[in-house]
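A short worksheet on the structure shown next.
The values are calculated or read from the model by the stated rules, or taken from the named source; none is laboratory data. Note that the coordinates shown come from a computational prediction; the quantities given were computed from them, not determined experimentally. As a convention, Cβ positions derive from the backbone with ideal geometry for all residues, glycine included, and neighbour counts pool all protein chains shown. The area values use the complete protein model at the heavy-atom level, side chains included, leaving out ligands, DNA and RNA. Shrake-Rupley method; radii C 1.70, N 1.55, O 1.52, S 1.80 Å.
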Protein chains: 2
Amino acid sequence: MPKINQSQLEIMRHSCGHLMAAAVQKLFPETKFGIGPNIENGFYYDFELPATLTPEFLPKIKKEMKKMIGQNLPFIKKEMPVDEAIKLFKSINQPYKIELLEEMKKQGEKSVSIYQTGDFIDLCRGPHLKSTGEIGAFKLTKIAGAYWRGNEKNKMLTRIYGLAFSHEEELNNHLKVLEEAEKRDHRNLGKELELFSFEEEIGAGLPLWHPKGAFLRHLIENYLYKELNSSGYQWVVTPHIGNINLWKTSGHWNFYRENIYSPIKIDEEEFLLKPMNCPFHIKIYNSKIRSYKELPIRFAEFGTVYRYEKSGVLHGLTRVRGFTQDDAHIWCTLDQLPKEINNLLKDGLKILRRFGFKDFNIFLSTRPEKFTGDPKHWDKAEESLKNALEKSKLNYQIDPGAGVFYGPKIDIKIKDSLGREWQCTTIQVDFNLPEKFELNYINKEGKKEQPIMIHRALLGSLERFIGVLIEHYAGAFPVWLAPIQVRVVPVGSKHIKASQKLARELKEKDIRCEVDDLNETVGYKVRKAEKQKIPYVLVIGDKEIDSKNLTVRIRGKKEMIKMSRKKFEEKIREEIEKKK
Amino acid sequence: MPKINQSQLEIMRHSCGHLMAAAVQKLFPETKFGIGPNIENGFYYDFELPATLTPEFLPKIKKEMKKMIGQNLPFIKKEMPVDEAIKLFKSINQPYKIELLEEMKKQGEKSVSIYQTGDFIDLCRGPHLKSTGEIGAFKLTKIAGAYWRGNEKNKMLTRIYGLAFSHEEELNNHLKVLEEAEKRDHRNLGKELELFSFEEEIGAGLPLWHPKGAFLRHLIENYLYKELNSSGYQWVVTPHIGNINLWKTSGHWNFYRENIYSPIKIDEEEFLLKPMNCPFHIKIYNSKIRSYKELPIRFAEFGTVYRYEKSGVLHGLTRVRGFTQDDAHIWCTLDQLPKEINNLLKDGLKILRRFGFKDFNIFLSTRPEKFTGDPKHWDKAEESLKNALEKSKLNYQIDPGAGVFYGPKIDIKIKDSLGREWQCTTIQVDFNLPEKFELNYINKEGKKEQPIMIHRALLGSLERFIGVLIEHYAGAFPVWLAPIQVRVVPVGSKHIKASQKLARELKEKDIRCEVDDLNETVGYKVRKAEKQKIPYVLVIGDKEIDSKNLTVRIRGKKEMIKMSRKKFEEKIREEIEKKK
């Protein structure tokens, strides 16, 4: 069967919501109906029910829905004047629908459409399927309370959520992904693997990095540091607060204020916790006269910035209030732009691939209606971005007019192992800040000229990226990223000394190794190591001490294997070097 | 001649101030006298003069002073009732002295002492030398304006500064140190060597680290990271803001508020820019149940903290408003304390020595009158600190009662190449925060017990330490710390390619190398490299390309020397490894 396209799928989901409402009406004829829109992968409907609904009721509703699918009831549309519709819903005693209609009348609407499915009548713009027989696979997932129109002064209604897909297989796949996603939730794994925590007494959205998580950060920073050094970046370090005037000059104070924390007063001047690093890097650029010979100048910083997010949207590491950008700013001439963009894209993809990501969705956002800078420069910049994308031979989509007012940009979304997309890399050309901060360089003719500025983050932020990494790998990091690579398990207390010697020797070869010398059984210790997703467990007993062979358990494998010490070290070295 | 001791020197300096006032009176009989106290290495005196004084007058004053020294005038002391003194100073028309006397009278003083030297009479507690002939070597250094009693509503007086030492040689040594210190001023060198800058538009006391300075930080951080890893530290990363309640619990909000910045409001709660890292590390400790088997637990962080300092006391990198501590906290049992202190002292001195410091002044501060915690624990802790110091075989002084209320401490001051002292390392035992934050671990008996906490910073702060390093080395860092180790200077444009090849090959061997390919003379380029304190310059011309021998100029040396490539690489490797 051919897959139905997205808009048909959306229609089906909406019809499925109506069907659920019809089933609820069958079971509870006194139900008053709120609204029932589509959401991602499904739908919900809000009801005022005569009794409290418990999850045990969901199968009954489902059974009723299935019955109506079997009956292949048509979705019948009727256009009618608003007043007639009000009369109709009064006759069936549906106060919420009447409230909506009264409002539509006030706003001057003359005519509305209603849909009927079996006995169930709804106010609805449609469109809908022809009949209930066309509904695909669905599942009612949960019951929640929801205030009428989201206002806590209104009555609390009962909301039932459902998922719907065109075929059973897709629904099952999606359920599997959900189940898998829950297992991989980085908030739980972060705790289990002792990577980070959030403490209420410190503040929401402000992660504490525990030793293993801080080590993961350190590994990632080190890797980037080396990579970017060889790409001609220079690293800088800047403070976390700065005079408010910096952001008044940049324009952020006007356009971005809702994300900026309240000012700190120092000696009658106001300072801001920095929401971005650009003004600081600009000030370093501007601290001396620059020559065309120095360009491109590339300043990089692991810059920790603080941005306000509502407490409701905070989510583990992927939505926080303070985060460290792998930030950089590049100043170059218009002629140098194509090569820079090219290198940025190459570096960015190389780095993302090193972390095991293979699928990308790339967007090029072009000039919006309102923009700053010379249109010719925009054209050249957009061309540079486009050429770089063409060269990369990756698929990309153009998002026309979606550039920022100050310049065009490329965004890269990575797909994780569950196929979910995460925005990471952004490469933004900026014609605005060089103007506002009066940046220049001395050109070949000895005259002042304005450079072009590029803002770019490859991973985005360490917090978010590590959150994604955890979910991508379900915490089972590749060997080069695993905070502990090898755990040595002595069989009994008399094997502890030999285990420690082995660990010491491996450590000297830069293998991250620890000994589990607690007084527990080997089986229990191996299970612990597996839960902590440690790549290799070495069990050391009499045999191992005598034979000089190692008994190795590889993460995720049931059996233990024998391996010479040399072979094991080679294997681990190979895994570390392996480019995914 | 024996050196006179400090208090005699202080008396001499004060007498020298009187002598200067007597000389000024000789030259300007209408002078009204303010006050004339001692300061470090000398003295000043404030005068209301009938005319503006320019520096050209200083030799005249000096000459007059010398004359009076030749006359060996006695310092004559007289005790008299306050009222009599008022009468006396009224008769010689000295309003400032009268003002001081009126105040003393109000405070109930009955009797005062005056000193007379020649015609000059002063209100003074003394003591003084017997006569002017005992005055040693002095120099009048500068003239400045100063409000009477430091209040800008009062009259501006003329302040003359002087230095005084017991012998000419000491004065000259001190003048040399001053001159040398000015040459080594890290604020100037920081700019010349492009290490860091302060920008008014960002804020006073908030350094921007330029690439070379940021690299120096990176080197130091890397070195510490490795050293501390092998000493059993675990690294953590914590945010720069946290709920105000953390510091209310710790007590800092009460006792330290003048150094804390105004709170930031987030969702109706108050947050502080962190003045210290302890509460965050404590929260990580407290995020799970700890067993005695885990102790000692050592958390380290390069933690950037922000503390208010008045703008008047800010000074380059050595007194700033935001700085990165090489901070760590250790939790251990009372029994483990001696070994920990021992290791801390060993690590600290090893690290300071690696940076080229050889002389230390060490202080052990013991229990003050007001203290928290069990006196027995104090005794044990003080004993641990003392034993560790004894073992180190270093001289130290006990500062009785100078410990913090929460525990005893060791402070290490380093002496730089000019003999100036800088407070760096601090090791503080804390019985207080474990109590306030309810820290515990499960002991061998399965019961909760409170650990001891140690706060320690070895370098103190990266900013301050780098400021001291710059002055210690006058910017000519040892090879391992030099941001650029080798500069390659091609003789002409046809030697650029070979120079770049050489630089590339050295870089591959982890030697930090760059090519100066500007169109300037070799002599000029060599002088530039010398000014930038680059350890090695390699001049590459036809001869060097043909012979494969290098022409090397070593920093500070006039001559160029011939050296094989292999020899040069060995030499540089040796310099890098060299422990000073």
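Going residue by residue through the stretch A:329-346, is there one that turns out to be of a type outside the set (Val, Ile, Thr), within 14 Å of chain B (Cβ to nearest Cβ) and either in a helix (DSSP H, G or I) or within 24 Å of residue A:217 (Cβ to Cβ) (or both)? Can you show your working first?
Of the residues in the stretch A:329-346, the ones of a type outside the set (Val, Ile, Thr) are A:329, A:331-332, A:334-340, A:342-346.
Narrowing further to those that are within 14 Å of chain B (Cβ to nearest Cβ): A:329, A:331.
Filter once more, keeping what is either in a helix (DSSP H, G or I) or within 24 Å of residue A:217 (Cβ to Cβ) (or both): A:329.
Checked the stretch A:329-346: at least one residue is of a type outside the set (Val, Ile, Thr), within 14 Å of chain B (Cβ to nearest Cβ) and either in a helix (DSSP H, G or I) or within 24 Å of residue A:217 (Cβ to Cβ) (or both).
Out of the stretch B:512-552, which residues are assigned to a loop (DSSP other than H, G, I, E, B), surrounded by 19 or more Cβ atoms within 10 Å (Cβ to Cβ) and of a type in the set (Val, Ile, Thr)?
Scanning the stretch B:512-552 gives a single hit, B:534.
Checking the conditions here, which among A:30, A:10 is more than 30 Å from the chain's Cα centre (by Cα) and in the same structural domain as residue A:73 (by TED's automatic domain parsing)?
A:30
Pull out all pairs, ordered by first then second residue, where Cβ-Cβ is under 6 Å, the residues are six or more apart or on different chains, the first lies in the stretch A:329-355 and is under 15 Å from residue A:393 (Cα atoms), and the second is open to solvent by less than 10 Å² (accessible area, probe 1.4 Å) and part of a helix (DSSP H, G or I).
A:341/A:384; A:341/A:385; A:341/A:388; A:342/A:388; A:345/A:388
When you go through (1) in a helix (DSSP H, G or I); (2) open to solvent by less than 80 Å² (accessible area, probe 1.4 Å); (3) more than 22 Å from residue A:167 (Cβ to Cβ) one by one for residue A:16, which number turns out not to apply?
(3)
Of all residues in the stretch A:249-264, count the ones that are within 9 Å of residue A:308 (Cα to Cα) and surrounded by 16 or more Cβ atoms within 10 Å (Cβ to Cβ).
2
Does residue A:394 meet the test of being farther than 26 Å from residue A:304 by Cα, more than 19 Å from the chain's Cα centre (by Cα) and buried (at least 17 other Cβ atoms within 10 Å of the Cβ)? It would help to see each step written out before you state the result.
On the way: farther than 26 Å from residue A:304 by Cα: yes; more than 19 Å from the chain's Cα centre (by Cα): yes; buried (at least 17 other Cβ atoms within 10 Å of the Cβ): no.
No: the conditions fail for residue A:394.
Within the set of pairs 6+ apart or on separate chains, which have a first residue in the stretch B:480-501 that is surrounded by fewer than 22 Cβ atoms within 10 Å (Cβ to Cβ), a second that is acidic (Asp, Glu) and not in a helix (DSSP H, G or I), and C-beta atoms under 6 Å apart?
Hits for this filter: B:484/B:514; B:496/B:517.
Which of the residues spanning the stretch B:72-92 are touching a residue at least 24 places away in the same chain (Cβ under 8 Å), open to solvent by 30 Å² or more (accessible area, probe 1.4 Å) and assigned to a helix (DSSP H, G or I)? Working first, answer last.
Of all residues in the stretch B:72-92, those touching a residue at least 24 places away in the same chain (Cβ under 8 Å) come to B:72-82, B:85, B:88-89, B:92.
Still in the running and open to solvent by 30 Å² or more (accessible area, probe 1.4 Å): B:72-74, B:76-79, B:81, B:88, B:92.
Within the stretch B:72-92, B:88 is the sole residue that qualifies.
If you take the residues in the stretch A:186-212 that are in contact with a Ser or Thr (Cβ under 6 Å, 6 or more places away or on another chain) and aliphatic (A, V, I, L, M), which one is surrounded by the fewest Cβ atoms within 10 Å (Cβ to Cβ)?
Keep residues of the stretch A:186-212 that are in contact with a Ser or Thr (Cβ under 6 Å, 6 or more places away or on another chain), which gives A:197, A:204, A:208.
Adding the requirement that they be aliphatic (A, V, I, L, M) leaves A:204, A:208.
Working: A:204: 17, A:208: 21.
Within the stretch A:186-212, the match that is surrounded by the fewest Cβ atoms within 10 Å (Cβ to Cβ) is A:204.
Looking at the stretch A:508-563, which of the residues that are among the charged types (D, E, K, R) and at positive phi is nearest to the chain's Cα centre (by Cα)?
Pass one, the stretch A:508-563, residues among the charged types (D, E, K, R): A:508-510, A:512, A:514, A:516-517, A:520, A:525, A:527-528, A:530-531, A:533, A:542-544, A:546, A:548, A:553, A:555, A:557-559, A:562.
Filter once more, keeping what is at positive phi: A:510, A:533, A:548.
Working: A:510: 33, A:533: 23, A:548: 47 Å.
The residue in question is A:533.
Scan the stretch A:294-309 for residues that are among the aromatic types (Phe, Trp, Tyr) and open to solvent by 10 Å² or more (accessible area, probe 1.4 Å) and jot them down. Walk me through how you get there before you give the answer.
Taking the stretch A:294-309 and keeping what is among the aromatic types (Phe, Trp, Tyr), we get A:299, A:302, A:306, A:308.
Passing the criteria: A:302, A:308.
What is the number of the single condition among (1) surrounded by fewer than 23 Cβ atoms within 10 Å (Cβ to Cβ); (2) farther than 21 Å from residue B:443 by Cα that residue B:334 does not meet?
Just one mismatch for residue B:334, condition (2).
Could you run through the stretch A:310-328 and say how many residues are within 14 Å of another protein chain (Cβ to nearest Cβ), in contact with a strand residue (DSSP E or B) (Cβ under 6 Å, 6 or more places away or on another chain) and of a type in the set (D, E, K, R)?
Selection size over the stretch A:310-328: 1.
If the requirement is being in a helix (DSSP H, G or I) and more than 24 Å from residue B:257 (Cβ to Cβ), which of these qualifies: B:353, B:367? Before the answer, list the steps.
Numbers: B:367 fails: in a helix (DSSP H, G or I).
Only one candidate passes the filter, namely B:353.
Return the residues of the stretch B:42-54 that are at pLDDT below 95 and open to solvent by 40 Å² or more (accessible area, probe 1.4 Å); say none if nothing qualifies.
B:50, B:51, B:52, B:54
So, in the stretch B:545-559, exactly how many residues are in contact with a Ser or Thr (Cβ under 7 Å, 6 or more places away or on another chain) and in contact (Cβ under 8 Å) with a residue 24 or more places away in the chain?
Number satisfying all stated conditions: 0.
Here is a list: A:413, A:380. Which entry is under 24 Å from the mean Cα position of the chain (by Cα), surrounded by fewer than 19 Cβ atoms within 10 Å (Cβ to Cβ), not hydroxyl-bearing (Ser, Thr, Tyr) and not assigned by TED's automatic domain parsing to the domain that holds residue A:532? Don't jump to the end; show me each part of the working.
Values: A:380 fails: under 24 Å from the mean Cα position of the chain (by Cα).
Selected residue: A:413, the only one of A:413, A:380 that is under 24 Å from the mean Cα position of the chain (by Cα), surrounded by fewer than 19 Cβ atoms within 10 Å (Cβ to Cβ), not hydroxyl-bearing (Ser, Thr, Tyr) and not assigned by TED's automatic domain parsing to the domain that holds residue A:532.
In the stretch A:86-100, is there at least one residue being farther than 24 Å from residue A:39 by Cβ and of a type in the set (Phe, Trp, Tyr)? So that I can check it myself, show each step before the final result.
As a first pass, look at the stretch A:86-100 and keep what is farther than 24 Å from residue A:39 by Cβ: A:86-93, A:95, A:98.
Restricting the remaining residues to those that are of a type in the set (Phe, Trp, Tyr) gives A:89.
Looking through the stretch A:86-100, at least one residue is farther than 24 Å from residue A:39 by Cβ and of a type in the set (Phe, Trp, Tyr).
For the stretch A:555-567, what are the residues that are hydrophobic (A, V, I, L, M, F, W, C), in contact with a helix residue (DSSP H, G or I) (Cβ under 9 Å, 6 or more places away or on another chain) and either in a helix (DSSP H, G or I) or surrounded by fewer than 15 Cβ atoms within 10 Å (Cβ to Cβ) (or both)? So that I can check it myself, show each step before the final result.
To start, the set of residues in the stretch A:555-567 that are hydrophobic (A, V, I, L, M, F, W, C) comprises A:560-561, A:563.
When the remaining residues are screened for being in contact with a helix residue (DSSP H, G or I) (Cβ under 9 Å, 6 or more places away or on another chain), the result is A:560, A:563.
Selection gives nothing.
Which pairs do you get when a residue that is under 16 Å from residue A:42 (Cβ atoms), found in the stretch A:126-146, comes within reach of a residue that is surrounded by 17 or more Cβ atoms within 10 Å (Cβ to Cβ) and of a type in the set (Asp, Glu), reach meaning Cβ atoms under 6 angstrom, with the pair 6+ apart or on two chains?
Pairs that qualify, where the first residue is under 16 Å from residue A:42 (Cβ atoms) and the partner is surrounded by 17 or more Cβ atoms within 10 Å (Cβ to Cβ) and of a type in the set (Asp, Glu), are A:146/A:46.
Check B:316, B:322, B:312 and return the single one that is out of contact with any Phe, Trp or Tyr (no Cβ under 6 Å at 6 or more places or on another chain), buried (at least 18 other Cβ atoms within 10 Å of the Cβ) and in the same structural domain as residue B:434 (by TED's automatic domain parsing). Lay out the reasoning, then the answer.
Values: B:322 fails: out of contact with any Phe, Trp or Tyr (no Cβ under 6 Å at 6 or more places or on another chain); B:312 fails: buried (at least 18 other Cβ atoms within 10 Å of the Cβ).
Checking each option against the conditions leaves just B:316.
Mind listing whichever residues of the stretch A:217-275 are among the hydroxyl-bearing types (Ser, Thr, Tyr), out of contact with any strand residue (DSSP E or B) (no Cβ under 6 Å at 6 or more places or on another chain) and assigned by TED's automatic domain parsing to the domain that holds residue A:339?
First, pick out the residues of the stretch A:217-275 that are among the hydroxyl-bearing types (Ser, Thr, Tyr): A:223, A:225, A:230-231, A:233, A:238, A:249-250, A:256, A:261-262.
Pick out the ones that are also out of contact with any strand residue (DSSP E or B) (no Cβ under 6 Å at 6 or more places or on another chain) and you get A:223, A:225, A:230-231, A:249-250, A:256.
Within the stretch A:217-275, A:223, A:225, A:230, A:231 qualify.
Return yes when residue A:150 is out of contact with any strand residue (DSSP E or B) (no Cβ under 8 Å at 6 or more places or on another chain) and either at pLDDT 95 or above or away from chain B (no Cβ under 14 Å) (or both) and no when it is not. Let's see the steps before the verdict.
Details: out of contact with any strand residue (DSSP E or B) (no Cβ under 8 Å at 6 or more places or on another chain): yes; either at pLDDT 95 or above or away from chain B (no Cβ under 14 Å) (or both): yes.
Considered against the rule, which asks whether it is out of contact with any strand residue (DSSP E or B) (no Cβ under 8 Å at 6 or more places or on another chain) and either at pLDDT 95 or above or away from chain B (no Cβ under 14 Å) (or both), residue A:150 comes out as yes.
Which pairs turn up if I take residues in the stretch B:357-376 that are farther than 26 Å from residue B:459 by Cβ and open to solvent by 80 Å² or more (accessible area, probe 1.4 Å) and look for partners that are in a loop (DSSP other than H, G, I, E, B) and at pLDDT 90 or above with beta carbon separation below 8 Å, at least 6 apart in sequence or on another chain?
B:367/B:401; B:367/B:408; B:369/B:401
For the stretch B:522-537, state whether one or more residues are small (Gly, Ala, Ser) and at pLDDT below 95. It would help to see each step written out before you state the result.
Step one: of the stretch B:522-537, the residues small (Gly, Ala, Ser) are B:523, B:529.
Those still in the list that are at pLDDT below 95 too: B:523.
Among the residues of the stretch B:522-537, at least one is small (Gly, Ala, Ser) and at pLDDT below 95, which makes the answer yes.
Any residue in the stretch B:257-274 that's over 14 Å from residue A:202 (Cα atoms): show its pairings with residues that are among the hydroxyl-bearing types (Ser, Thr, Tyr) and in a strand (DSSP E or B) at Cβ separation under 9 Å, as long as the two are six or more apart or on different chains.
What qualifies is B:260/B:306; B:261/B:306.
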